[in-house]
Amino acid sequence: MAKTRTYSCAACGATHAKWSGRCDACGAWNTIHEEAPLSQGPGRQALGAARGTALPLTDLKTHEMPPPRTACGVAEFDRVLGGGLVPASAVLVGGDPGIGKSTLLLQAAAHFAQAGLRVLYVSGEEASAQVRMRAQRLGLEQAPVQLAAATALRDILTTLEAERPDLVVIDSIQTVWADTVDSAPGSVAQVRAAAHELTSFAKRRGASVIMVGHVTKEGQIAGPRVVEHMVDTVLYFEGERGHQFRILRSVKNRFGPADEIGVFEMTGGGLAEVTNPSELFLSGRGDPAPGSVVYAGIEGTRPVLVELQALVAPTPLAQPRRAVVGWDGARLAMILAVLEARCGIPFAGLDVYLNVAGGMKISEPAADLAAAAALLSAREDSALPPETVVFGEISLSGALRPAAQTENRLKEAGKLGFTTAIVPSGGKPGGNGGLTLNRLGDLTAFVGEVFGAG
Ligand code: TYD
Ligand code: MG
């Protein structure tokens, strides 16, 4: 019988059929080792035959109380967590370097400490004095947060066992290194080992652990993705460097809804909560201009109004430019194709730019119709009627599909003084939020109705 060998990479855990000097999966050199098959080790019995301990089994009826949550009082942060911090949980906060993760977590740590938790803040990137200076600048120096500057996982765990805090903030997971792992700090193996140990500590001692992870562009340092599966909650802190708005978005949450957002504004005194994001994203908007459309979106459980801006101009290039900020480039290509194929409106020979104002990122398909409206309005150089919001999904046939939570979108638009909404026909009947609805079945009807052409 042929002996089957398996090989696995020590850096990323990928398995390979044969040995090679470099791992295809993670690109690391000299990390691939042969693994002994389980049943062939000396003195090993095949697992199925071995006598283990029978596990105690339970049914699904719950006798547990819902987890007690601690809210820190920063409503935008608490909501993204699903209503507050849950004990014995691990949270990952990812984001680009310099976006404001340390600022956010220092503020959150201080508020949790003031709410009565024992909080330990471990900084691996900045010296304690730097963190203290930031706390002073943010006016938080009185908060009972305990601070340590450390990177050695062994020391951190020893401290945690001695101090038994309710909340530990690790800034950042890429700086923490375990002496049991034979690779450089920041490597996949190190980041995984550190996240695993810290998560185990959280589960074992009923503490909450919040880990910061930098999003990295190149492969030298492991990004937050490699630990996403280990933690209970994954939050991303995003925003454009040039804008002051920052959005904290939950992409995974075992204790609450995913896709929830919290909106902050970076000010000289730290991050300030933005309780009405629509007002902020629409501020500074004058009379409707060609190419500008207000989209009524939903982020998590919250309606958010944002402005989509398009610019369409003749191109000197053989291959026209398609640039999009805050939206999906593939979706833009799809909308342009549908406009051309179903409505006979070509964009060949034209550069197309689409921007979501204010540094917001939109991923909902319901933004299709607003994007199409912005593109058409820019191409025809004609503004949409004033006080109008637009939303709806476009299918490849050119038909318009109703969006989820239509009523909430309309209500938010009504609150901000909009009077008309262009929406897909069909869908559940519901309130109109006091707006006049212009219900349309397909994109051709939209073009005819709004731009008076077929
Ligand atoms: P920081 O929290 O250090 O980012 P990260 O931990 O994600 O790398 O924040 C970095 C930026 O925030 C920095 O360029 C300065 C700015 N900032 C303010 O504008 N106001 C403030 O009060 C603070 C503390 C930082
Ligand atoms: Mg930082």
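List of remarks:
- Given (1) within 16 Å of ligand 1 (Cβ to nearest atom); (2) surrounded by fewer than 19 Cβ atoms within 10 Å (Cβ to Cβ); (3) part of a helix (DSSP H, G or I), number of the condition residue 108 does not satisfy: (2)
- Condition check for residue 285: closer than 27 Å to residue 66 by Cα and of a type in the set (Lys, Arg): no
- When residue 398 is tested against (1) surrounded by 16 or more Cβ atoms within 10 Å (Cβ to Cβ); (2) modelled with pLDDT under 90, just one condition goes unmet, and that condition is (2).
- Residue-level analysis places residue 150 outside the set of residues that are more than 28 Å from the chain's Cα centre (by Cα), among the aliphatic types (A, V, I, L, M) and farther than 16 Å from residue 12 by Cα.
- Some residue of the range 228-238 being over 20 Å from the mean Cα position of the chain (by Cα), crowded, with 19+ Cβ neighbours inside 10 Å and within 16 Å of ligand 2 (Cβ to nearest atom): no
- Candidate set: the range 195-215, residues that are under 14 Å from residue 167 (Cα atoms) and open to solvent by 40 Å² or more (accessible area, probe 1.4 Å); chosen: the one farthest from ligand 1 (Cβ to nearest atom): 204
- Subset tally (residues that are in a strand (DSSP E or B), in contact with a Gly (Cβ under 8 Å, 6 or more places away or on another chain) and over 22 Å from residue 262 (Cβ atoms)) for the range 276-322: 6
- Test: residue in the range 420-433 that is outside any helix (DSSP H, G or I), free of Cβ contacts under 8 Å to residues at least 60 places away in the same chain and within 27 Å of the chain's Cα centre (by Cα): no
- Qualifying residues in the range 358-403 (those that are assigned to a loop (DSSP other than H, G, I, E, B) and among the hydroxyl-bearing types (Ser, Thr, Tyr)) - the one nearest to the chain's Cα centre (by Cα): 363
- Only one of the listed residues (176, 188, 181, 212) is within 16 Å of ligand 2 (Cβ to nearest atom), of a type outside the set (D, E, K, R) and more than 19 Å from the chain's Cα centre (by Cα). That residue is 176.
- Test: residue in the range 160-176 that is away from ligand 1 (no atom under 16 Å from the Cβ) and farther than 16 Å from residue 122 by Cα: no
- Test for residue 102: is it closer than 30 Å to residue 181 by Cα and touching an Asp or Glu at 6+ places or on another chain (Cβ under 6 Å): yes
- Pairs are defined by a Cβ separation below 9 Å, a sequence spacing of at least 6 or placement on different chains, a first member in the range 300-317 that is farther than 21 Å from residue 369 by Cβ and of a type in the set (Gly, Ala, Ser), and a second member that is open to solvent by 70 Å² or more (accessible area, probe 1.4 Å) and outside any loop (DSSP other than H, G, I, E, B); the pairs so defined are 313/353.
- Residues of the range 323-357 classified as outside any strand (DSSP E or B) and aliphatic (A, V, I, L, M), total: 13
- Exclusive hit being outside any strand (DSSP E or B) and surrounded by 14 or more Cβ atoms within 10 Å (Cβ to Cβ), set 147, 157, 120: 157
- Residue that is nearest to ligand 2 (Cβ to nearest atom), among those in the range 256-267 that are modelled with pLDDT of 90 or more and open to solvent by 50 Å² or more (accessible area, probe 1.4 Å): 266
- The range 405-454 - residue that is within 30 Å of residue 340 (Cα to Cα) and acidic (Asp, Glu) and, of those, least open to solvent (accessible area, probe 1.4 Å): 442
- Scanning the range 164-173 for residues that are within 11 Å of ligand 2 (Cβ to nearest atom) and either of a type in the set (Gly, Ala, Ser) or part of a loop (DSSP other than H, G, I, E, B) (or both) turns up just one, 172.
- In the range 70-103, the residue that is most open to solvent (accessible area, probe 1.4 Å) out of those that are within 21 Å of residue 257 (Cα to Cα) and assigned to a helix (DSSP H, G or I) is 79.
The values are calculated or read from the model by the stated rules, or taken from the named source; none is laboratory data. Bear in mind that the values here come from a model prediction, so they are computed numbers and not experimental data. FYI the Cβ positions are ideal-geometry reconstructions off the backbone, even for glycines, and counts take in every protein chain you see. The area values use the complete protein model at the heavy-atom level, side chains included, leaving out ligands, DNA and RNA. Shrake-Rupley method; radii C 1.70, N 1.55, O 1.52, S 1.80 Å.
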